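These notes are about the structure you will find just below.
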Amino acid sequence: MTASNFPGPEELHARIQEFLKRGFAGGSGGSFGVFPSDTSEEEKSEATEAEDQPVDKYAFPYTPRDIKAYLDRFVIRQDEAKRVLAVAVCDHYNHVRRIEKRQREDYLDGKHTGVASGFGAAPAVAAAAAAGKQGDSAAASASPSAEDTYVKQNIILLGPTGVGKTYLVRCLANLIGVPMVKADATKFTETGYVGGDVEDLVRDLVQQADGDVALAQNGIIYIDEADKLASAANSSGRDVSGRGVQTNLLKLMEETEVPLRSQHDIQSQLAAAFEFQRRGGKKVKETINTRHILFIVSGAFDKLPDIIRRRLAKFEMGFHAGLSARPELEAILQQAATKDFIEYGLEPEFIGRLPVRVACAPLDVDDLYHVMRTSEGSLVRQYEAAFRAYDIEAIFTDDGLRALAEQAAAEQTGARGLMTVCEKAMRHFKFELPGSGIRQLIINRDLVENPARELQRILSDTNYEEHVAMAEMAREFARRFQSRHGFTLKLQPDAIDALVRGAESGNRPVLEHCAGVFKDWEFGLRLIQKNSGQTEFTITRDVVENSDRRLSEWVVESYGRNGNGAAPPAEPAPSAA
């Protein structure tokens, strides 16, 4: 069949309908819905109106306070880092929103005819395209404004491993709703050498955005281990993985167009060739602009504190005064200057494009305890879910969490040490308990410090299930207390363990033992309620073992505040969060 006698759309549509009727007896034939006759004028009008409706796809409704409050839910401590990150991110994306809004308004007003609206279109490009059709007035409007000359607030995060640098950035990206790419700086080399090309980061961002270039152009690129890019002093030969990578990153961190298909990727080049053929030999520009991509780099920079101390010591000696005390690591890193990074081995142009510097503090035992106790991303949730898969309830006591935190702190790898010590303590329980009939596991200090001994005790203890039932009776006492007196006793796992052990040692029922421990508590709690309005009280092992004294202290505290402040906290207040 030649092109001259090829059927038109209407005839082709009729033939397909006839084919469907013959092939599927009794069917209505249906419609492919791809021919103009299949769409009513009303549907066309509605579709056109929907396309014309401006959708604020990149609205940014957050304040710095909102962002910090969100990060507080997942990351323990690092308050200063959260504040600095929140302000920098808000400034960046508010600027992006202003640019997008201005471009959209100009596009709808006809000033940028033929130029796509959105974050991706750089104002300079849009203005240049409009200048060809709008004459001198468009050229005048294309003059640089304060928004066009905005300096991007790329960020560098400093601090030892395991303090939450990566987690902070990941939580930020999740909140904002932009794609994020993370990579280690050590895998990159200068373009043309064996190794990763930094431009691959931008292409990976497009993949993370499911091919949405406009969304990818507002994403976050996070480069870890940036301290490994430092060039060695007086090094001979070409540094393709240090200085060379820094140089290649410069243009990305400012503004450049990155091809969506790598010249070194055969698969991408074949895909480009097929696309070129499909478009009838028409070449389409496929690039992504990096102007609004936020770059965040991080690293331990372990030698940087020594460089800063030497500089500060010289400064102090100039004033005939010595350093009074060795400052903490966080305080030292907060005083990092550009010259310190240059001495470390970073190029001046590279560190100059990272104007926002954030120092993260090391985590101590208390911090690691609260990582597990209060963080929404706690490892405790992971292990609870792992045991729940075998119908086993895993209960972490307060002293058990404290023991895990102490062991993790000894690892000196920050929060990463938590997984190491948790797996060491519980791997054999995850192997032995499934199928054993045991339905509850109490993870206390004894188990953490002597896992093999406790596992053997649990497997050989015929009364272990009885202990589980006794723990449930302790919870039943708390429920009855709340029903009778209106006060909630939030029994922590270590408190339940103490109540069960006390009942066993006294050879009496759990309910009777609990009634003795909390005898006449309702009267003291009513006084606290009168002074502060509080009705919920957290009960720990210490409270169980010293019930009368702790209640008296709470009552005295409530009188001292005269109702102006809260009485004993309903939840243990984190000391560093």
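Taken together, the values in this text are just the output of simple stated rules run on the coordinates, not laboratory data. Here the structure is a predicted model, which means the values were calculated and not measured. Cβ placement follows ideal geometry from the backbone for every residue including glycine, while neighbour counts extend to all protein chains displayed.
Near Val356, the amide H atoms lying under 5 Å from its own belong to Asn154, Ile156; only residues 5 or more places off or on other chains count, and H is placed 1.01 Å from N. Simple spin-label estimate for Phe523 and Thr462 gives 4.6 nm between the two label positions (7 Å along the Cα-to-Cβ direction from each Cα). Residue order for Ile176, Ile296, Ile342, fewest other beta carbons within 10 angstrom first, comes to Ile342, Ile176, Ile296. Computed from backbone phi, the HN-Hα couplings of the range 94-108 come to 5, 5, 4, 5, 4, 4, 4, 5, 5, 5, 5, 5, 5, 5, 5 Hz, rounded to whole numbers (Karplus: 6.51 cos²θ - 1.76 cosθ + 1.60, θ = phi - 60°; Gly and Pro given as x). Fully extending the segment from Glu476 to Ser231, taken as 0.36 nm per residue of separation minus the present Cα-Cα distance, adds 81.7 nm. Among the listed pairs Lys82/Lys228; Lys187/Lys339; Lys82/Lys303; Lys152/Lys314; Lys68/Lys251, a Cα-Cα separation exceeding 29 Å is found for Lys152/Lys314; Lys68/Lys251. Taking amide hydrogens as placed 1.01 Å from N in the peptide plane, the amide H of Leu441 sits under 5 Å from those of Glu393, Ala394, Ile395, each at least 5 positions away in sequence or on another chain.
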